[in-house]
1. Mind counting the residues in the range 259-289 that are crowded, with 21+ Cβ neighbours inside 10 Å and part of a helix (DSSP H, G or I)?
2. Filter the range 336-353 down to residues that are crowded, with 24+ Cβ neighbours inside 10 Å and either without any contact (Cβ under 8 Å) to a residue 12 or more places away in the chain or assigned to a strand (DSSP E or B) (or both), then give me how many there are.
3. Of the residues Ala257, Ala203, Ala225, which single one is in contact with an Asp or Glu (Cβ under 7 Å, 6 or more places away or on another chain) and small (Gly, Ala, Ser)?
4. Could you please find all residues in the range 242-268 being of a type in the set (A, V, I, L, M, F, W, C) and touching a His at 6+ places or on another chain (Cβ under 9 Å)?
5. For Glu461, only one of the following conditions fails: (1) modelled with pLDDT under 60; (2) under 20 Å from the mean Cα position of the chain (by Cα). What is its number?
6. Starting from the range 30-47, keep only residues that are more than 25 Å from Asp330 (Cα to Cα), then list their pairs with residues that are among the β-branched types (Val, Ile, Thr) and buried (at least 23 other Cβ atoms within 10 Å of the Cβ) whose Cβ atoms are within a distance under 7 Å, requiring at least 6 positions of separation or different chains.
7. Given the criteria at pLDDT below 95 and either in the same structural domain as Gly236 (by the TED database) or part of a strand (DSSP E or B) (or both), does Gln294 qualify?
8. When you scan the range 224-245, do you find a residue that is surrounded by fewer than 16 Cβ atoms within 10 Å (Cβ to Cβ) and in a loop (DSSP other than H, G, I, E, B), even just one?
Amino acid sequence: MVSADVSAVRAILLVLLGTVFFIGVSAAEQRPNVIFWMADDAMHVFDDAPVLPPGVRVNAANMPEHEALRADSGIFTRAYAGSPKCAPARFNILTMKYCSRSASLVEGSHHALVQSGEAPDARVPVDNMCKLTPGTAHETLPAVLRDNGYETIHSGKWHLLPGDRVWELDYAEVERSIMDAGFTRVGGAYAGNVPGPDEWWKASAHYQDPANRFSHNMEWQLGEALRHVDGALGQGKPFFLYLAPTLPNNYVDYREALFEYDPGMTPAGLLRPEELYPSGMPPRQTVWDRALEQAGSEAKAAAGSYAGHIWLDDALGAFTRHLESLGELDNTVLVVTTDHGMTAKGQLYEGGVRVFNFVRYPAWFGGGRRVEDVLVANVDLGATLLEHLGIAPEYEIDGVSFLGRVAPPPPPPSSSASLGQGRARLVTEVANDRAVYDLASGIKYVSRSWLNTHETKDPREYPYFQDVEQVYDLRADPAEQHNLAYCADAPALLRSLREEVCAFDARMALPGAPNVEGRCPGVAFAAGEFRRADCAAAGGAPVGLTLGAIESDVKKKWVQYTDESGKAYWQNTKTGVTTYEEPAVIAEKGPIDEEQEEVAIEAARDAPAALPPLPPAMTLTAATPVTTLTSPAAEDSTKAAASVTAQASPATDETAVTNQASPPVAEDTAEEDLWAQYTDEVTGNAFWYNSATGESTWDRPSEGGAQSDQAAAALLAERKAAKKMQGLAAAAAAAASPVTVATEEEKVEQDDWAQYTDEVTGNAYWYNARTGESTWDKPAGAGLLQ
């Protein structure tokens, strides 16, 4: 360790050198230092975090150093990643381009995917395809700044080398690859994620030796960053530092990282104590002590959300104190963010694309100022910085400057143009999927065109995850629980949102990619014509019934909804209980039993996510399906959607009530001919609907030719109904008092029950073809069909 006296002398020398360098240079000409601090998989624990779906919680350690810096910064409350995954987000922030423009699509695995048919027309890479390649590595923010007199520094996780076996390269090769991307100084670099216990086989022979292995090492990453910052300032140069800590990524056990790996064990080799640059961070033992105190158990403390967050927080505090000791903090644009959201990582929901982002730079912000009237993406950070510096990049970027939204911005040198005002509408992407968010209307559109995008994940927190098109009103439904895409009043809005995606794809088109120019006739954004209150039941929705929320505040316990008849009812967001009585009336009956509430919450957490069920003693009839999708995948989604014909409600004290969706009524439909023709209100095309199976198709069914499809659709309907009823029944049973299953009049004949096997769990369940009722418990009596 270097003594405090030596550190003080070093600081004085750096200040003197800087003073000599800037003699005769006016304050207006002094260019700021720039730091992009981007954590890896950090939880959004601040007060501008996106609203979480029911049952989702964030458990993470406090980060007092982040909070203190944030209070002295400008806070972007609507900050986004261009893509909700690790490598794409790094590509975004360093190139100021969307991942769609990654040359690795053309030069590498993109063609293989298209040729194999796995990702037809795929223009956007998944995580391990969005990389910097030799042909375009110079098109980066650090390269632009390097060419304009900045020292450009990298430390931490890189993750932009082609391929996934990045640890086959030796450390010197990794450093050279990073410098090829525009960095003049590299230290403390990690080629990619810290390998997990079962991943070292991917590494080179050097790392196969346990003596040469490593884990998270925040002191080394920060120390190397400080070494090069001090070196740049010693040369009298402004610096750009991209510090991307490997923390708090959760692939490894943090207790092992803290105590079983020596601070000298690094990807660059085993370093002697005198080779480690002082980081100023607290001892590792204190990290563990605080994690254990906050987490309450060793298992939780060893997770990235506790020990990882605390270790990361210590590093930020040590770094800002170092800059302050040099007198450079106020002359530094310090951006603190993370790569993507964690509650829906890899998804285009708010929990995946929303990030925390705050910027400390007194020339732009007063401390604690919240910027809420503009959307800020990670591709925009570099664009704003370059406008501030008066530098124009020599390649096309996707970033949009928001310099005009920060005050008081100094005028850009040699420019009289008006300052950038940021975005009011933003596109985010992952693989071939897109999302469009319009800030003014609160409307968000999600388009899914590659069903394998999400690695077969189907998060139950989002009921409409499988819908090919989704529309959410984030002002009323910030947790994205109610898909409005199939509402009767949505077609005009859908057309304009599709055109927005089409125009985006046209801009992103790469050489050799399918030509999308000319496919977008240009339709004006139609949110103003979209009357949310008119969104009642919609047959195209996957659960058969879609209720539009007309008033929602997730911070309150009770949320109001409207049924198809226009009558209001309420749901308790904590317990899942629904009622037609005013919540105030319920409150007068006495407090809800807390233990009963917790039981209901646990039951709901284990159940498939769904819209609030209707209160007791109500029945809804679904509207005619309005099918708006034209692709084969969309048709499959529509078939599955239309085939669900029953939805259960919580039982009353007397009877169990089943809400049953009725199919469209066709004129003169003969009993032996169950197919009827309808007209799609959006496209004007004809489609056919089978009133027995709930199946929809664009092709005219041949006589007797759809029997196998009908059987499959019926089985799908039964399975979905069974899964849905399981979840609703579990939540209702936990929240309600004991009830009688059914009255004698509502009991059905035993021979109407048939046994099936759930394709997801492999468990048996029973389905009543006459009533649409499903159950996991074998009904009493004999005569059941197999």
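1. 2
2. So the answer is 1.
3. On the way: Ala257 fails: in contact with an Asp or Glu (Cβ under 7 Å, 6 or more places away or on another chain); Ala225 fails: in contact with an Asp or Glu (Cβ under 7 Å, 6 or more places away or on another chain).
After ruling out the rest, the residue left standing is Ala203.
4. Pass one, the range 242-268, residues of a type in the set (A, V, I, L, M, F, W, C): 243-244, 247, 252, 257-259, 265, 268.
Listed by number, the residues that qualify are Leu243, Ala244, Leu247, Val252, Ala257, Leu258.
5. Exception for Glu461: condition (1).
6. Matching pairs, first to second residue: Asp40/Thr246; Ala42/Thr338; His44/Val355.
7. Working: at pLDDT below 95: no; either in the same structural domain as Gly236 (by the TED database) or part of a strand (DSSP E or B) (or both): yes.
In short, no.
8. Scanning the range 224-245, I find at least one residue that is surrounded by fewer than 16 Cβ atoms within 10 Å (Cβ to Cβ) and in a loop (DSSP other than H, G, I, E, B), so the answer is yes.
The values are calculated or read from the model by the stated rules, or taken from the named source; none is laboratory data. Owing to the predicted nature of the structure, the values given are computational and were not obtained by experimental measurement. Quick reminder, even Gly has a Cβ in these numbers, built from the backbone with ideal geometry, and neighbours come from all protein chains shown.
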